[in-house]
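Student: Take this structure first; my questions come after.
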Amino acid sequence: MLCTGAGQGMKALTEGKTMQRATLAEVHRLFPAPVAYIDHNAMVSMFPRHLFFMSSMGLQHYRETGQPVMADLLQTHQPPLLIANRWALHAAMHKPEVKDGPLMLFPEDREILRQSYVHYSGTIWLACQTVTLEGETLIALPFPGQYRLETETPVQIEGRIVSNGTIIDSQGAHKLSGQTGQTVRLVWHTDAAPNPEALPMLAVYS
């Protein structure tokens, strides 16, 4: 019979594998064809990844260079998918108040990631931009592509009236107008219908 410690270890290992499988299944459902992405350790092996391996040593080397990298990565590789599957990325996306430290992304990198992605489900984040309307408002999307409009009431984009769920084929920036104080989001449009309840808020590695 397993001792308590070993039993807990086996339970944690099993739970981790379950979350990993579920996360990968949802990623492949959303993106049947490979897309560029950001994560800790190349979790989605068939998808192109252009970031350093975010181990302790990898983060140490990154910090020693003294140079933020995310703005250039977003501009060059345009990854619509981010998987916050380890602490540095989780903290960047969930904990803006956390102080800077040796195993953290630079503040500039954390900020641009928060500005460029929105939480979808579990550890999955999708490219997005959110604005609060104040008269005519400019919304600058992370990079070109198709985005799904999320809005409670119709808005005007470049003078065209559009409603919730409209797919916008974007080349970067747009002028929006609508009710003052209204929150509008443009979220990366995936090949499958969104299912925000697909994954629980649990770590994928135990």
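Student: Aspartates and glutamates within cross-link reach of Lys99: Cα-Cα under 15 Å, excluding same-chain residues under 8 positions apart?
Tutor: Glu108, Asp109, Glu111
Student: Also: In a solvent-free Debye calculation with one equal scatterer on each Cα, what is log10 I(q)/I(0) for the chain at q = 0.12, 0.13, 0.18 Å⁻¹, listed in the order of the q values?
Tutor: With one equal scatterer per Cα and no solvent, log10 I(q)/I(0) is -0.68, -0.78, -1.29.
Student: Can you give the three extents of the C-alpha atoms in region 19-101 along their principal axes, from longest to shortest, in whole Å?
Tutor: That works out to 36, 27, 22 Å along the principal axes.
Student: Send over a whole-number figure in Å² for the accessible area per residue of the chain, probe 1.4 Å.
Tutor: 53 Å²
Student: Ok, one more. Can you give me the angle between helix 56-65 and the longest principal axis of the chain, using Cα atoms only, in degrees from 0 to 90, rounded to the nearest 10?
Tutor: 50 degrees
Student: In degrees, nearest 10, range 0 to 90: what is the angle between the Cα axis of helix 4-30 and the longest Cα principal axis of the chain?
Tutor: 30 degrees
Student: Another question about this same structure. Percent relative contact order of the chain, based on C-alpha pairs within less than 8 angstrom and at least six residues apart?
Tutor: 23 percent
The values are calculated or read from the model by the stated rules, or taken from the named source; none is laboratory data. Note that the coordinates shown come from a computational prediction; the quantities given were computed from them, not determined experimentally. Quick note on the areas: whole protein, heavy atoms, side chains included, nothing else; ligands and nucleic acids left out. Shrake-Rupley method; radii C 1.70, N 1.55, O 1.52, S 1.80 Å.
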